[in-house]
Ligand SMILES: CC1(C)Nc2nc(N)[nH]c(=O)c2N=C1O
């Protein structure tokens, strides 16, 4: 059994509903169960500013699946939400589901990089992650608390439940 941390993000088509619906779909993934969920956060876009603010959250998922099997399940949920992979890399998206961490595994292949390459400087990943796993230590040995000290929360707004 592995604990995976999944980042959820949306800034199109009613982002709060998209993120909530995605969490409900993730709860149905076989051989897996959600053990905790962060609040939803309203965050300014990283990258091109000519797009809407995002709603972000992080879930902790205990799973028997491999990282690639989990990725397949997450991409199926993104596709069902209407995510078209042609979305430009830094543009607006209906739904983004990223594997931030997969236990202590370090994964680097054509489909998957874990820990997520951008997590250490993304407040919209670090703050929700710290809300549900404040004592987390990354596979590199870095305590999450230390990463947080170096990342401004960039006026992120925690949404009431
Ligand atoms: C375009 C890029 C990098 N910017 C983002 N910016 C924010 N605030 N949240 C995201 O989830 C997000 N996702 C992305 O993919």
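For the chain, the calculated P(r), taken from all Cα-Cα distances in 10 Å bins from zero up to the bin holding the longest distance, is 11, 43, 39, 8, 0 percent. The separation of region 47-74 from region 1-17, counted between C-alpha centres, amounts to 5 Å. Relative contact order of the chain, taken over Cα pairs closer than 8 Å and 6 or more residues apart, is 30 percent.
Computed over region 61-147, relative contact order equals 17 percent, with contacts defined as Cα pairs under 8 Å that lie 6+ residues apart. With q set to 0.17, 0.29 Å⁻¹, the log10 of I(q)/I(0) for region 111-161, from the Debye formula over equal scatterers at the Cα positions, is -0.53, -1.25. Orientation-averaged projection of region 8-49 equals 3.7 nm² [convex hull of Cα atoms, one quarter of hull surface area].
Going from the residue with the fewest nearby Cβ atoms within 10 Å to the one with the most, 137, 58, 151 rank 137, 151, 58.
Shown for region 34-109 is the translational diffusion coefficient from the Stokes-Einstein equation, using the Kirkwood radius over Cα pairs, a temperature of 20 °C and a viscosity of 1.002 mPa s: 151 µm²/s.
In which sequence would 55, 107 go, from the one with the fewest C-beta neighbours within 10 Å to the one with the most? Display every interim value, and only then the final one.
Values: 55 23, 107 16.
Ranking 55, 107 by Cβ neighbours within 10 Å, fewest first, gives 107, 55.
Contact order for region 40-109, expressed relative to its length and based on alpha carbon pairs under 8 Å spaced 6+ residues apart, stands at 26 percent.
Every helix of 4 or more DSSP H residues in the chain counts as -39500 (n - 2.57), and over all residues that averages to -8000 deg cm²/dmol at 222 nm.
No value in this document is a laboratory result; all are computed from the given coordinates. Just so you know, these numbers come straight off a predicted model, no measurement behind them. So basically every Cβ, Gly included, is an ideal-geometry build from the backbone, and we count neighbours across all protein chains shown.
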